[in-house]
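Read the figures in this text as sums done on the coordinates, not as results from a lab. Since we're looking at a predicted model, the values are computed, not measured. We place every Cβ from the backbone using ideal geometry, glycine too, and count neighbours over all the protein chains shown.
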Amino acid sequence: ALFITKRCINCDMCEPECPNQAIRMGDEIYEIDAYRCTECVGHYDQPTCQKVCPIDSTILADPAHAETNEQLWEKFVVMYHSD
Ligand code: SF4
Ligand code: SF4
């Protein structure tokens, strides 16, 4: 999963772009729900939130939720193919 650093300026560009509805406004800045973020695996070639974020190095890989490509695919499958 990715996470949003304190560089976030709450511009709201990323939230509507997330295919997994993983981004929400938190207490102070936008936050990513690590359990819903597949790093866009299954939807796009690159993390779309990173692509639309106007501030460089704001959305980064979350070291607390490091996942392999395989694990990200599994997450995608579980999210979209279970009832
Ligand atoms: Fe959503 Fe993709 Fe960003 Fe994860 S990387 S928060 S799935 S837009
Ligand atoms: Fe924050 Fe970047 Fe999302 Fe804008 S696009 S709300 S700056 S993380």
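Things to note:
- Contact order, relative form, for the chain: 37 percent (alpha carbon pairs under 8 Å, 6 or more residues apart, mean separation divided by residue count).
- In a fully extended conformation the segment linking residue 44 and residue 28 would gain 3.0 nm over its present Cα-Cα distance, using 0.36 nm per residue.
- Over the range 2-81: Rg over Rh, Cα atoms, Kirkwood Rh: 0.94
- Formal net charge of residues neighbouring residue 76 (Cβ-Cβ distance under 15 Å; K, R +1; D, E -1): -4
- Take 22-28, 46-52, 9-15 and order them by the average number of nearby Cβ atoms within 10 Å per residue, most first; the result is 46-52, 9-15, 22-28.
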